[in-house]
Amino acid sequence: MAKILDLKKKDAKVIVCFYEPCYGAVFPVGKDSCNVYNIKYLLWCINNKCFMQRFDDCWDYRPIDIGPTLMTFLQSNYLVIREEKLANLKYRAIIDGKDSIQEIYGIDHSCHYIFEVYFGNHQSTIDINDFVLEKTDYEGHRNLNYEINQKSMQNKLKNLAETQVAKYNQNLSDKKPVNK
């Protein structure tokens, strides 16, 4: 939060905190080790340059210039992305000899893509449940909403963020983070 407040003072118009928590999962932490599962990325633009910085409980990372693609997409489509609702996973099943549509409203284990967006004085959280973007459920039922969800702006945002995070992490391989 301190970094976000500092960026606001430096006139960053849009700031995004992105992370991917998985619910229902257990991550072991060894004795005298740090939790590398609590990874967050901060994205911002100042003076037409966009940056990304990784934060976790183990290391300090430097910001890296990432180019404008992700932030331009988010700014251009912010209202649609913020209001968009992905369709729940639906599948066709035969129940009591009748063809029916079943909808899954929740699941005990899923990963989410969380975008905390600070747009001027407005803050919103966009939560994209990865489960509803799957082609099939865990039992192999075909998701009838798969095509609709794949075409969504939220899915495009998620895919851009994944690509950007992969590039960022690849760029870190030749840099040595400073141990906390």
### Task
List every residue pair whose Cβ atoms sit under 9 Å apart, with the two residues 6 or more apart in sequence or on different chains, where the first one lies in the range 58-70 and is over 11 Å from Leu160 (Cβ atoms) and the second, anywhere, is of a type in the set (A, V, I, L, M) and part of a loop (DSSP other than H, G, I, E, B).
Cys58/Val36; Trp59/Val36
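Residues checked against (1) in a helix (DSSP H, G or I); (2) open to solvent by 40 Å² or more (accessible area, probe 1.4 Å); (3) more than 28 Å from Pro68 (Cβ to Cβ):
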{"position": "Val80", "(1), (2), (3)": "yes, yes, no"}
{"position": "Leu86", "(1), (2), (3)": "no, no, no"}
{"position": "Gly140", "(1), (2), (3)": "no, yes, yes"}
{"position": "Lys156", "(1), (2), (3)": "yes, yes, no"}
{"position": "Thr163", "(1), (2), (3)": "yes, yes, no"}
### Query
Quick one: is Val36 of a type outside the set (Lys, Arg), outside any strand (DSSP E or B), over 16 Å from the mean Cα position of the chain (by Cα) and at pLDDT 95 or above?
no
#### Entry: First in the range 108-120 and outside any strand (DSSP E or B), second anywhere and open to solvent by 20 Å² or more (accessible area, probe 1.4 Å), Cβ under 7 Å, 6 or more apart
Asp108/Gly24; His109/Tyr23; His109/Gly24; His109/Ala25; Gly120/Lys13
### Task
Of the conditions (1) in contact with a strand residue (DSSP E or B) (Cβ under 7 Å, 6 or more places away or on another chain); (2) exposed (fewer than 13 other Cβ atoms within 10 Å of the Cβ); (3) touching a residue at least 40 places away in the same chain (Cβ under 8 Å), Ile128 clears all except one; give me its number.
(2)
### Message
Take Asp99 and tell me if it is part of a strand (DSSP E or B), of a type in the set (Asp, Glu), without any contact (Cβ under 8 Å) to a residue 24 or more places away in the chain and more than 27 Å from Thr72 (Cβ to Cβ).
### Response
yes
## Note on the structure
Scanning the range 107-125 residue by residue, those open to solvent by 60 Å² or more (accessible area, probe 1.4 Å) and at pLDDT below 80 turn out to be Asp108, His109
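The values are calculated or read from the model by the stated rules, or taken from the named source; none is laboratory data. Small disclaimer: the values here were computed from a predicted structure and weren't measured. As a convention, Cβ positions derive from the backbone with ideal geometry for all residues, glycine included, and neighbour counts pool all protein chains shown. SASA here: full protein model, heavy atoms, side chains in, ligands and nucleic acids out. Shrake-Rupley method; radii C 1.70, N 1.55, O 1.52, S 1.80 Å.
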